[in-house]
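Heads up: the structure comes next, in structure tokens.
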Amino acid sequence: MILYCATTNPGKLREFQGAARSFGEGWDVRVLPGLKEIEPPEETAETFEENAILKARYYSKHTGELLFCDDSGLEVDALDGAPGVYSARYAGGHAGDGANNALLKSRMRGRENRAARFRCVVAIARAGQPLAAFHGVVEGLILDEERGSGGFGYDPLFHHPPFNCTLAEASAERKLTVSHRGQALGAMLRWLAARE
């Protein structure tokens, strides 16, 4: 089954495709055709779930097939849950991973509580109608300095204690076993399989 995904983030797409492959044969995650020509919606919601549903509703109007969108990010306890829904644009609207990580490190300097989590919500829709939303979470700790060259986003600062390394130091296959995106996508695929 083809599932369209509306993401321009190549790291997210790789994780979703890897999660779909690990779930079993028959799932084909593809980028929505013509996505680059579609003006993105403004993400005005205050929660990951609301933003994921907003995007799924919007982009699914551009296809008659099933389409999913995610909203995901990092929640840091010492920063009252920030960067949260602003994770991708923490250091500004056009900031990249380097600037976002630098800002996170500066705001965490001297803080004892390092607890954090990656959270993902995947929403699926068809023809502008949201159908369901699915959640995934992975817990960890924020380090003072980046470690590892894999992954993307905040992965180099996110230490996952069961792995005893950052998600950027873990292989893509190992990261997928705990990935918040993998969890949310797996829940969606199980839901779809049960409906067939």
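Coordinate-derived values only; no laboratory data. Predicted model only: the values in this text are computed from it and were never measured. Cβ coordinates were reconstructed from backbone atoms using ideal geometry, including for glycine residues, and neighbour counts include every protein chain displayed.
To the nearest 20 debye, what charge dipole does the chain have about its Cα centre, counting +1 at the Cβ of each Lys and Arg and -1 at the Cβ of each Asp and Glu?
That gives the chain a dipole magnitude of about 220 debye.
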request  = Would you calculate the separation in nanometres between label points at LYS105 and THR177, each defined as 7 Å from the Cα along the Cα-to-beta-carbon direction?
outcome  = 2.9
remark   = Taking the dipole of the chain about the Cα centre (Lys, Arg +1; Asp, Glu -1; charges at Cβ), the one of ALA194, PHE163, LEU104 that reaches farthest to the positive side is ALA194
remark   = Cβ-Cβ cut-off under 12 Å around HIS160, Lys and Arg +1, Asp and Glu -1: the net charge is +1
ask   = If you add up the charges near LEU13, with Lys and Arg at +1 and Asp and Glu at -1, over every other residue whose beta carbon is less than 14 angstrom from its beta carbon, what do you get?
value = +3
task = Among SER87, SER22, rank each residue by its count of other Cβ atoms within 10 Å, from fewest to most, as a rough exposure measure.
result = SER22, SER87
note = Of all trypsin sites (Lys or Arg not before Pro) in the range 60-129, the ones in DSSP coil with at most 11 other Cβ atoms within 10 Å are ARG109
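At a 10 Å Cβ-Cβ cut-off, how would you order VAL76, VAL122, fewest neighbours first?
Values: VAL76 25, VAL122 30.
Ranked by crowding around the Cβ, least crowded first: VAL76, VAL122.
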message = Between LEU13 and GLU139, what is the label-point separation in nm under the 7 Å Cα-to-beta-carbon projection?
response = 3.5
key: At q = 0.12, 0.15, 0.17, 0.18 Å⁻¹, base-10 log of I(q)/I(0) for the chain (Debye sum, equal scatterers on each alpha carbon)   = -0.57, -0.89, -1.12, -1.24
key: Percentage relative contact order, the range 1-140, counting C-alpha pairs under 8 Å, at least six apart   = 24
